[in-house]
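The structure is given below, and queries will be raised subsequently.
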Amino acid sequence: ATVEDHICDGDQIDEFDLFLAQDGTRHLLFFYQDAMGNHRRGKEPTKKVFIATPHTDPLLDKCVYCFRTSAKAVTPATVSDICFGLVNAGPGKSGVLEGLQTLMNRLLAPTL
């Protein structure tokens, strides 16, 4: 219920609608991290799930990504056209590059 509350907050539900619509957005990124910038101010981080805009929201913790392989509207019949994944750039990692390297080593390299 907490995740649902965070996602339904503000205009984020519109991002869902745009992703599901025909010819809509091709990707959707969910970040789980300190959305308030508390870690930079020396306060205890307040982590939450939110739909991110990668141009303005730096990835500092975890990212679940979804992308569509077709421009068709997402329906039960076309849900297989969506790919999902996780990038972990959080504590214990040295950033986004290490998270992507882990993803490639564990998922992509074995399939080649």
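Residue 48 passes all but one of (1) assigned to a strand (DSSP E or B); (2) modelled with pLDDT under 90; (3) within 21 Å of residue 97 (Cα to Cα); which number fails?
All conditions are met except number (3).
Could you say whether any residue in region 49-69 is open to solvent by less than 40 Å² (accessible area, probe 1.4 Å), aromatic (Phe, Trp, Tyr) and either under 12 Å from residue 31 (Cα atoms) or over 17 Å from the mean Cα position of the chain (by Cα) (or both)?
Checked region 49-69: at least one residue is open to solvent by less than 40 Å² (accessible area, probe 1.4 Å), aromatic (Phe, Trp, Tyr) and either under 12 Å from residue 31 (Cα atoms) or over 17 Å from the mean Cα position of the chain (by Cα) (or both).
Hey, residue 18 hits all of (1) modelled with pLDDT of 85 or more; (2) open to solvent by less than 70 Å² (accessible area, probe 1.4 Å); (3) of a type in the set (A, V, I, L, M) but one; which does it fall short on?
For residue 18, the failing item is (2).
Under 9 Å between Cβ atoms, which residue pairs at least 6 apart in sequence (or on different chains) link something in region 83-103 that is over 18 Å from residue 57 (Cα atoms) with a partner that is open to solvent by 60 Å² or more (accessible area, probe 1.4 Å) and part of a loop (DSSP other than H, G, I, E, B)?
Taking only residues 6 or more apart or on different chains, the pairs are 83/69; 102/93.
Moving on. Taking residue 40 as meeting all but one of (1) open to solvent by 90 Å² or more (accessible area, probe 1.4 Å); (2) more than 30 Å from residue 76 (Cα to Cα); (3) modelled with pLDDT of 80 or more, write down the number of the exception.
(3)
The values are calculated or read from the model by the stated rules, or taken from the named source; none is laboratory data. Remember, it's a predicted structure, so these values are computed and weren't measured experimentally. Ideal geometry is used to build each Cβ from the backbone, glycine not excepted, and the neighbour counts take in all protein chains shown. Note: accessible area is taken over every heavy atom of the protein model, side chains too, but ligands, DNA and RNA are not part of it. Shrake-Rupley method; radii C 1.70, N 1.55, O 1.52, S 1.80 Å.
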